[in-house]
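Written below as structure tokens is the structure these notes are about.
What follows draws every value from the coordinates through simple rules; no lab data is involved. Computed from a prediction, not measured in an experiment: that's the story for all the values here. With ideal geometry, Cβ positions are generated from the backbone for all residues, glycine too; neighbour counts draw on all protein chains shown.
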Amino acid sequence: MRAIVKLALVCTGFTAMTAAAETLRCGASLIQPGDDGGYVREKCGDPDLVPSGDGAAEGLRVYSIGSMRADRWRYHRGPGRFPVIVTLGDDGRVLDIQFERVRD
């Protein structure tokens, strides 16, 4: 019985870690996949480099995935905090949030 309870607690912990990995805190707001790009800019500010008119800049990379376009915004979050990359889809909504493993 105890083994089943321990297994359930471990599985719950893995689920919670997965959910936390795709959440970005900007001030008092949480950014999650599905949020609008405008909301991300409102809460987190502009990415490190603002895109030029053609959509390309050093801080913003544009990738074509099949017929879909994905924008990748990189945010430096300050000293001692890992940078984050927010990927936006065609519709301007957050597809993915990834934390870089190396601090700036």
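The label point for Phe82 and the one for Ala70, both projected 7 Å from the Cα toward the Cβ, are 1.8 nm apart. From most to least packed by mean Cβ count within 10 Å, the peptides 83-96, 24-37 give 83-96, 24-37.
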